[in-house]
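Down below is the structure, laid out as structure tokens.
Each reported figure results from applying straightforward, stated rules to the coordinates on display, with no laboratory input. None of the values given here were measured: they were computed from a predicted structure. For neighbour counting, all protein chains shown are included, and Cβ atoms are generated from backbone atoms with ideal geometry for every residue, glycine included.
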Amino acid sequence: MTEMILIYVTCESVKQAKQIARHLMKKRLCACVNIFPNMIPMFFWPPKSGKIDESKEVVLIVKSLEKNYQKIEDEIHKTHSYEVPCVFAIPVKQVAKKYFDWLKAEIK
């Protein structure tokens, strides 16, 4: 297992996703972000209502190191428009050495 993580984040628009991505990258908390537009989430909202809602979202995949997770989550909560943004980390079991070396060199 490496110390690399992928952080999954949902956003309301490509504009918001790019703003969050640039914010995290300028702080050198991550080395790369992938933006996936046109996702269709289905979820219970409002909380405990039993009502199934759906919308359009954009997914961010933030590539970083485990040591930066809490800082990244805190920055996302500061800049995100959602009341309850979806933010979670996925550990990376294996990664190409050259890619991992590049990633570590780009992050604080």
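Looking only at segment 89-101, decide whether some residue is within 22 Å of PHE43 (Cα to Cα) and either surrounded by 11 or more Cβ atoms within 10 Å (Cβ to Cβ) or not small (Gly, Ala, Ser) (or both). There is at least one residue in segment 89-101 that is within 22 Å of PHE43 (Cα to Cα) and either surrounded by 11 or more Cβ atoms within 10 Å (Cβ to Cβ) or not small (Gly, Ala, Ser) (or both). In segment 77-85, is there at least one residue being part of a helix (DSSP H, G or I), surrounded by 15 or more Cβ atoms within 10 Å (Cβ to Cβ) and in contact (Cβ under 8 Å) with a residue 60 or more places away in the chain? For segment 77-85, residues part of a helix (DSSP H, G or I), surrounded by 15 or more Cβ atoms within 10 Å (Cβ to Cβ) and in contact (Cβ under 8 Å) with a residue 60 or more places away in the chain: absent.
ALA21 - would you say it is touching a residue at least 40 places away in the same chain (Cβ under 8 Å) and in contact with a Ser or Thr (Cβ under 9 Å, 6 or more places away or on another chain)? Here the answer is no, as ALA21 does not meet what is asked.
Please tell me if TYR99 is of a type outside the set (Gly, Ala, Ser) and assigned to a helix (DSSP H, G or I). Yes, satisfied.
Scanning segment 41-66 for residues that are more than 14 Å from CYS86 (Cβ to Cβ) and surrounded by 13 or more Cβ atoms within 10 Å (Cβ to Cβ) yields a count of 4.
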